[in-house]
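Every read-out reported here was derived from the displayed coordinates using simple, explicitly stated rules and does not represent laboratory data. Quick caveat: nothing in here was measured; it's all calculated off a predicted structure. Backbone-built Cβ (ideal geometry, glycine too); neighbour counts: all protein chains shown.
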Amino acid sequence: MEKLKNIISLTIDGQRITVQSGTTILAAARKLDISIPVLCHHPKLTATGACRVCIVEVNGIPVTSCTTAAEEGMEVITASPYIENLRRDIIDLILSDHPYDCMVCERAGSCELQELAYKYQIRTPVFRGERRIYPKRDGNPFIERDMEKCILCGRCVKVCDEVQGVGAIDYAYKGFQTKICPPFERDLSCEFCGQCITVCPTGALVSKPSLGKGRQQDIRKVATICPYCGCGCNLTLHAHKNEVIRTSSPKDSINEGWLCVKGKFGLSFINSPDRLKTPLVRKNGVLVEASWEEAFTYTADRLKQIRDTRGPDAIGGLSSARCTNEENYLFQKFLRAAVGTNNVDHCARY
Amino acid sequence: MSSQPIEIKVCLGTSGSAAGGEEVLRMFQHRISEQGIEAQIGRRCTPKKVGCRGFCSRDVLVDIIRDGNKTTYQSVTPIMVERIVQDHIVGGTAIAEWTVTDEYASFHEKQHKIVLGPCGEIDPESIDEYIAMQGYLAARKAMTRMTPDDVIDEVVRSGLRGRGGSGFLTGEKWKVCRREEQHPKYIICNVGEVNRPLAEGNPHAIIEGLLIGGYAICASKGYLYIRERYHRSVERLRIAIEQAREKGFIGPNVFGTGFDFEIEFSFGTEAFICGEETALMESIEGKRAMPRVRPPFPAVQGLWGKPTVINNAETFSNIPIIIGRGGEWFSSIGTKESKGTKVFTLSGKVRNNGLVEIPMGMSFRDIVYGIGGGIEGDKALKAIQVGGPSGGIIPTSMLDLGLDYENLAKVGSIVGSGGMVVFDEDDCIVSVTKFYMEFLQRESCGKCTPCRVGTRRMLELLTKITEGTGGDEDLRTLERLSGVMAATSLCGLGRSAPNPFLTSFSHFKDEYLAHIRDRKCPAGVCTALIIFSVNEEQCKGCGLCKRVCPAKAIAGEVKKIHLIDPDRCIKCGACFRACKFKAIKKQ
């Protein structure tokens with residue numbers, strides 16, 4: 001009964017829907033497959049209400065659907081001519097302070113602002129005027145910040161604070177000159193998780209290692225698991241001409257689409273010339289390439305030899321957190337049952 | 001010899017101090033204590049500091065009360081002190097040529113001073129003087145003889161509306177917060193720029209109001225939010241809090257009722273947006289002052305996520321009066337929907353600049369011509385900007401409009417925090433609008449798109465018009481922008497930012513069109529649109545214009561007609577002002 005009390009029903013574009021009280025108009029509309037454009041809203045972050053693009057009409061008054069809770073009996077219109085004109089003008093205002101360089105922008109094709117400009121067919125803004133000009137001068141190897149493309153949606157500030165708990169960036173200055181930057185406009189010096197890149201709706205934040213290596217088309221996406229730690233984050237490799245240029249993670253995965261610095265930026269080893277591609281066996285003091293068969297045979301022979309001459313406790317095994325649980329289980333089983341020693345350890349301990 | 005005390009009251013409000021009030025006070029103290037005056041007239045003369053009494057254009061103002069007669073001197077400087085002491089304090093004869101004129105009387109008699117009443121009369125640093133005028137009696141009455149609900153009912157009955165901008169009914173706001181079951185609750189007093197005279201002249205009234213408010217909504221913690229830069233206000237409030245604490249009016253177990261109340265300062269920096277209540281709360285929480293989305297409203301979920309009431313210092317200053325004299329008495333002042341009085345800072349081209357408190361509903365005519373004494377130099381009044389930078393511009397045709405919340409809303413303006421600037425025929429309305437937009441775009445917090453980009457675009461378009469490069473389409477763009485900003489901005493700043501343009505455009509359309517179609521600035525303000533030239537019939541060839549021109553743009557021999565080279569002229573107007581024969585034309 002308690003739960004029933006918290007159920008409310010409202011009408012969106014003439015369709016009735018019942019939702020839990022506290023649900024925003026935006027969330028309710030999405031349940032009905034009614035699309036309302038957003039720029040600052042992100043489902044995993046608290047509401048900001050900054051871009052004003054998601055306005056809808058309630059009793060003739062425009063309200064932001066991402067911040068307004070649905071109420072019993074509410075009648076919402078998501079796309080009246082009045083609302084669509086306002087929305088168009090807001091996007092126009094954003095575009096009036098945005099570089100028109102989609103042709104060379106990394107995000108072309110996956111840019112949320114570009115999509116809205118397309119949807120509302122804004123080629124030249126009505127509200128023309130000064131554009132913010134900022135030098136790009138970050139020395140860090142990971143994150144390219146082009147603040148001229150920043151639309152001040154605040155997602156990066158929120159993900160850094162709410163998800164990552166770092167708070168490396170925030171708003172600075174006021175008015176038209178408002179800017180998101182590290183303290184005192186120093187270079188970015190954070191843990192470079194790249195979460196800000198993940199949530200950025202435009203090309204303001206992009207991954208430096210992938211600059212100029214290929215945009216959204218001609219990308220082969222390969223689903224895999226991050227090789228770094230036992231968390232097992234889902235990873236999508238973006239491959240272009242057989243090179244991994246970028247990674248992302250699906251939002252509905254166990255890691256909710258979030259990655260750390262390793263998963264985001266740490267996969268360049270795949271194409272490294274120094275990468276080991278076959279086992280090496282030392283012969284006459286020199287490491288030479290060998291087949292897996294040869295390497296296994298050599299290892300098994302030596303282990304047997306040591307066990308037989310010096311006893312099983314002369315052997316110890318160290319395993320890795322980068323292995324799966326199953327692999328680690330097998331490894332300790334092998335040492336205990338096959339070799340016969342308890343000398344087994346792991347960076348996270350058995 | 002009379003034994004009645006002689007009082008010397010020196011105005012030490014911000015304006016009085018700026019005019020040299022501290023030196024004047026020191027000079028009085030010096031003359032009286034060190035030069036044997038006490039021996040002549042007895043120990044009955046104590047110079048003291050008082051707060052602002054409003055007539056700031058004639059500061060430093062000094063009251064001498066001798067034998068029960070009050071004489072007010074204006075524009076007092078330290079040099080004048082000796083003669084005042086000798087002739088008036090010792091000799092008993094006032095110096096007529098230094099006293100205030102009739103303007104001083106007419107400035108005051110049309111006002112209705114409720115909250116400003118004690119300012120300029122009592123020593124703001126003495127709780128005893130405040131208590132002597134029944135101070136803290138209202139708080140005692142509220143806490144010992146009324147329940148919190150009684151207090152709120154009394155405030156509701158008074159019809160008091162928030163004096164900080166939006167004009168929401170104070171009692172209703174308190175009621176919502178009182179109903180909330182979550183604890184603790186907070187009560188915040190915003191001491192804005194326009195409240196400084198109150199904090200400097202009668203700080204205890206603010207403290208008492210805050211205390212009563214805290215009791216009414218059951219909050220044990222009050223915040224005074226004030227810019228640190230307002231040193232004098234901060235200092236006087238700090239002294240007031242210490243004195244109130246010593247007397248047991250704040251602290252644990254106030255008036256033995258078991259109610260605890262503490263007041264803490266929270267210092268803001270220079271940001272207009274901090275007047276927005278949710279941005280103000282962010283600021284107290286140590287975050288960047290950016291408005292929050294509403295709902296939830298502060299009365300439900302405010303400071304630190306707890307139910308919070310925010311009012312400004314003027315609202316709180318009214319509370320002890322309402323509790324003391326009753327809500328009904330208070331509601332007898334003002335109009336149907338707007339009760340009580342409102343403090344305005346009357347400035348601009350009006351003769352008597354200063355701080356005024358008027359009953360709600362008074363007409364602009366009475367304010368400007370009655371209290372303000374008319375326009376400087378008897379020029380023609382052009383417009384009145386009321387309600388601060390995002391208020392509206394009222395034309396002369398509306399001079400008889402009664403000033404209250406409803407009427408101002410009807411004409412596209414706001415009461416705001418109480419700014420009132422008077423413009424005369426020499427002011428260009430487009431430039432004035434541009435000036436306000438410049439301020440608003442600079443003070444936008446940058447959070448929401450319509451305000452951040454919209455105010456900038458409006459400024460750019462207005463600049464274009466004042467520079468003579470505007471077109472008719474720019475006016476349409478301005479109107480369209482105004483619509484988007486008013487409808488979709490996050491907070492009141494962006495929503496009200498188009499007010500100066502919308503009101504000035506609707507009342508002074510001709511002036512906008514003159515700038516655009518005729519490339520002329522009728523008031524002769526916009527430098528890009530004016531040309532200075534010599535009227536050959538009137539030029540006597542005195543050479544003064546040539547000497548004052550900083551750009552060496554004027555040529556001519558003595559006793560021959562001079563000429564201005566338009567290419568070199570920087571349009572500073574120095575020649576225009578200097579010419580004694582009115583031979584320089586401004587077109």
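At-a-glance table
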read-out: Per DSSP, loop trypsin sites (Lys or Arg not before Pro) in segment B:212-271 with at most 16 further Cβ within 10 Å; value: B:R229, B:K247
read-out: Global form of segment A:33-164, assessed from the alpha-carbon gyration tensor, a/c cut-off 1.5; value: oblate
read-out: Computed magnitude of the charge dipole of segment A:16-74 (debye, nearest 20; Cβ of K, R +1, Cβ of D, E -1); value: 200
read-out: Cα-based Kirkwood hydrodynamic radius, chain B, one decimal, Å; value: 26.2
read-out: Order by protection proxy (mean Cβ within 10 Å, highest first), peptides B:103-109, A:136-142; value: B:103-109, A:136-142
read-out: Cleavage-rule hits, trypsin sites (Lys or Arg not before Pro), segment A:261-326, DSSP coil, Cβ neighbours within 10 Å at most 16; value: A:R275, A:K277, A:R322
read-out: FRET efficiency, B:K540 to B:D510 (Cβ-Cβ, R0 41 Å, nearest 0.05); value: 0.70
read-out: Cβ-based charge dipole, the protein assembly as shown, positive-most Cα from A:I169, A:C196, B:M437; value: A:C196
read-out: Computed FRET value (nearest 0.05) for B:R480 with A:E115, which takes r as the C-beta separation and R₀ as 25 Å; value: 0.60
read-out: Across B:K552/B:K580; B:K70/B:K110; A:K31/B:K306; B:K520/B:K540; B:K49/B:K349, pairs whose alpha-carbon gap is larger than 21 Å; value: A:K31/B:K306; B:K520/B:K540; B:K49/B:K349
read-out: Amide hydrogen neighbours beyond the local backbone of B:V350, cut-off 5 Å, H modeled; value: B:E376, B:V422
read-out: Nearby aspartates and glutamates by direct alpha-carbon distance to B:K546 (threshold 12 angstrom, same-chain neighbours under 8 apart not counted); value: B:E557, B:D565
read-out: The protein assembly as shown: Rg to Rh, with Rh as the Kirkwood radius over Cα pairs; value: 1.09
read-out: Lys/Arg +1, Asp/Glu -1 at C-beta; segment B:341-424 dipole; positive extreme among B:F344, B:V415, B:I394; value: B:I394
read-out: Chain A: relative contact order as a whole-number percent, Cα under 8 Å and 6+ apart; value: 10
read-out: Volume per residue that the Cα convex hull of chain A spans, once the total is divided by residue count, Å³; value: 208
read-out: Residue-count net charge about B:A553 - beta-carbon cut-off 14 Å; Lys, Arg +1, Asp, Glu -1; value: +3
read-out: Value in Å of the Kirkwood radius, where segment A:290-338 supplies the Cα pairs that are averaged; value: 12.1
read-out: Those trypsin sites (Lys or Arg not before Pro) in segment B:312-415 that DSSP places in a loop and that have at most 15 other beta carbons within 10 Å; value: B:K336, B:K379
read-out: Helix-only CD estimate at 222 nm, as mean residue ellipticity for chain A, using -39500 (n - 2.57) per DSSP H run (n ≥ 4); value: -6000 deg cm²/dmol
read-out: Positive dipole terminus of the protein assembly as shown, leading residue within A:A79, B:C274, B:T488 (C-beta point charges); value: A:A79
read-out: Assigned charges on the beta-carbon of Lys, Arg, Asp, Glu; the protein assembly as shown dipole about Cα centre (debye); value: 2080
read-out: Taking segment B:429-517 and dividing mean pair separation by its residue count, relative contact order in percent (alpha carbons under 8 Å, at least six apart); value: 37
read-out: Lysine pair count for segment A:105-237 [Cα-Cα under 15 Å; pairs on different chains or 8 or more apart]; value: 6
read-out: Kirkwood-based Rg to Rh ratio, segment B:341-424, C-alpha trace; value: 0.91
read-out: Relative contact order of segment B:127-331, pairs being alpha-carbon contacts under 8 Å that are 6 or more residues apart, as %; value: 32
read-out: 21 Å Cα-Cα reach of A:K333 towards lysines, excluding residues that sit fewer than 8 places from it in its own chain; value: A:K304
read-out: Net charge of neighbours whose Cβ lies under 11 Å from the Cβ of A:C160, counting Lys and Arg as +1 and Asp and Glu as -1; value: -2
read-out: Charge tally in the Cβ shell below 9 Å around B:R161, where Lys, Arg are +1 and Asp, Glu are -1, B:R161 excluded; value: +1
read-out: Per-residue HN-Hα couplings for segment A:294-304 [Karplus 6.51, -1.76, 1.60; θ = phi - 60°; Hz; x = Gly/Pro]; value: 5, 5, 4, 4, 4, 5, 4, 4, 5, 4, 4
read-out: Segment B:132-221 shape via C-alpha gyration tensor axes, a/c threshold 1.5; value: oblate
read-out: Cα gyration tensor shape of segment A:172-280, rounded if a/c is under 1.5, else prolate or oblate by comparing a/b with b/c; value: prolate
